[in-house]
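The values are calculated or read from the model by the stated rules, or taken from the named source; none is laboratory data. Every value quoted in this text rests on a predicted model; they were computed, and no experiment measured them. When we count neighbours, we look across all protein chains shown, and the Cβ atoms used for this are built from the backbone with ideal geometry, even at glycine.
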């Protein structure tokens with residue numbers, strides 16, 4: 001469903017009017033921004049609802065480390081603006097394409113290699129403006145960090161994949177870029193790599209990324225020149241001249257490991273968990289907490305292996321996406337999930353079925 005925008009009109013108002021028509025006619029909608037992460041999750045059931053036109057930075061105060069931008073703002077443009085002022089998005093959101101938008105990054109809730117050491121996407125969201133499933137235009141949060149009683153709705157939108165609302169604008173905390181960054185490489189085996197990454201995490205080192213791939217342990221140091229130099233002597237290994245490119249290629253899944261059509265699993269486990277006995281190619285990121293598995297594995301086997309160590313598994317790319325792409329929720333959590341969906345989107349029109357299979361007919365709104 002297209003939002004008709006007149007010259008000089010508020011694109012947000014046009015989106016609200018288009019959503020109001022869909023609500024009146026009970027038309028399910030698939031919310032589409034840049035489309036770079038459309039592969040993620042289940043395929044939403046509904047008419048395309050394009051929102052990328054609602055773009056542009058609304059407010060940016062470098063001295064306050066806060067930026068507010070419309071959800072359709074391209075990530076590339078936002079990051080270029082921050083870089084010009086020596087700042088960045090600390091959670092390093094993956095783009096997965098040049099069309100990636102701020103709204104898509106927040107709706108998917110994905111974070112890059114810096115996540116375990118700097119925080120996740122939701123940790124930097126200060127406030128949002130959005131349209132709920134009744135086409136009401138709502139604001140929550142603000143431009144400063146504060147304590148919240150009950151649900152922090154702005155952060156609830158992070159990772160909801162558009163099932164709770166159509167994001168219009170987002171306020172984010174940003175951080176200064178480090179004065180120095182350095183990537184080191186060490187040769188080792190999986191269990192030793194896991195042990196080493198966990199030992200480093202327990203020490204006062206300026207870590208900003210740690211990954212194990214192809215028998216190589218990669219570690220990124222970020223901070224002051226003096227701090228990085230001291231940590232480099234402590235860790236050892238060889239310096240990787242193209243360190244920046246390696247971490248970008250890891251974030252964007254451009255490394256050779258990610259090539260091919262085999263199913264790609266994202267397995268989230270405690271960082272000290274031992275290597276799984278499942279066959280296939282493995283890559284360990286986030287200091288061992290995020291593990292990627294490539295291969296034709298039975299769904300039940302992957303999820304059982306993750307659950308056995310207190311984790312969960314997501315079918316990130318490929319495979320059969322008609323079933324549970326995300327790890328099934330416990331009954332209590334699933335009930336809470338469906339109650340939230342009904343509260344925000346009573347008619348179940350926003351990205352229905354994107355997160356999980358439809359609820360039984362007696363369950364109310366679908367998702």
Q) Is it the case that some residue within the range 224-231 is modelled with pLDDT under 95 and exposed (fewer than 15 other Cβ atoms within 10 Å of the Cβ)? A) no
Q: From (1) within 18 Å of the chain's Cα centre (by Cα); (2) surrounded by 20 or more Cβ atoms within 10 Å (Cβ to Cβ), pick out the condition that doesn't hold for residue 130.
A: (1)
Q. What pairs can you find where one residue is in the range 213-242 and at positive phi, the other is assigned to a helix (DSSP H, G or I) and surrounded by 10 or more Cβ atoms within 10 Å (Cβ to Cβ), and their Cβ atoms are less than 8 Å apart, with a gap of 6+ or different chains?
A. 214/257; 223/231
Q) Which residue out of 343, 308 is over 22 Å from the mean Cα position of the chain (by Cα) and farther than 26 Å from residue 29 by Cβ? A) 308
Q. Hey, among 292, 282, which residue is over 19 Å from the mean Cα position of the chain (by Cα), part of a strand (DSSP E or B) and under 25 Å from residue 96 (Cα atoms)?
A. 282
Q: Can you confirm whether the range 247-257 contains a residue that is buried (at least 21 other Cβ atoms within 10 Å of the Cβ), over 21 Å from the mean Cα position of the chain (by Cα) and not assigned by TED's automatic domain parsing to the domain that holds residue 94?
A: no
Q | Given (1) touching a helix residue (DSSP H, G or I) at 6+ places or on another chain (Cβ under 8 Å); (2) surrounded by fewer than 21 Cβ atoms within 10 Å (Cβ to Cβ), index of the condition residue 93 fails | A | (2)
Q: Check off (1) without any contact (Cβ under 8 Å) to a residue 12 or more places away in the chain; (2) surrounded by 19 or more Cβ atoms within 10 Å (Cβ to Cβ) for residue 84 and give me the number that stays unchecked.
A: (2)
Q | Matching residues in the range 335-367 - criterion: being touching a strand residue (DSSP E or B) at 6+ places or on another chain (Cβ under 7 Å) and either modelled with pLDDT under 95 or part of a loop (DSSP other than H, G, I, E, B) (or both) | A | 349, 351
Q: Among the residues of the range 216-235, write down those that are under 17 Å from residue 197 (Cα atoms) and out of contact with any strand residue (DSSP E or B) (no Cβ under 7 Å at 6 or more places or on another chain).
A: 233, 234
Q: For the range 44-58, name all the residues that are touching a residue at least 40 places away in the same chain (Cβ under 8 Å) and in contact with a strand residue (DSSP E or B) (Cβ under 8 Å, 6 or more places away or on another chain).
A: 44, 45, 46, 47, 48, 49, 50, 51, 52, 54, 55, 58
Q) Can you pull out the residues in the range 255-268 that are more than 16 Å from residue 210 (Cβ to Cβ) and in contact with a helix residue (DSSP H, G or I) (Cβ under 8 Å, 6 or more places away or on another chain)? A) 264, 265, 267
Q: Have a look at 272, 289, 313 and point out the one that is under 17 Å from residue 110 (Cβ atoms), outside the structural domain of residue 117 (by TED's automatic domain parsing) and touching a residue at least 60 places away in the same chain (Cβ under 8 Å).
A: 289
Q | Of all residues making up the range 305-331, the number that are within 24 Å of residue 193 (Cβ to Cβ) and assigned to a helix (DSSP H, G or I) | A | 4
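Give the range 258-269 a look and list any residue that's in contact (Cβ under 8 Å) with a residue 12 or more places away in the chain and loosely packed, with under 15 Cβ neighbours inside 10 Å, or say none.
260, 261
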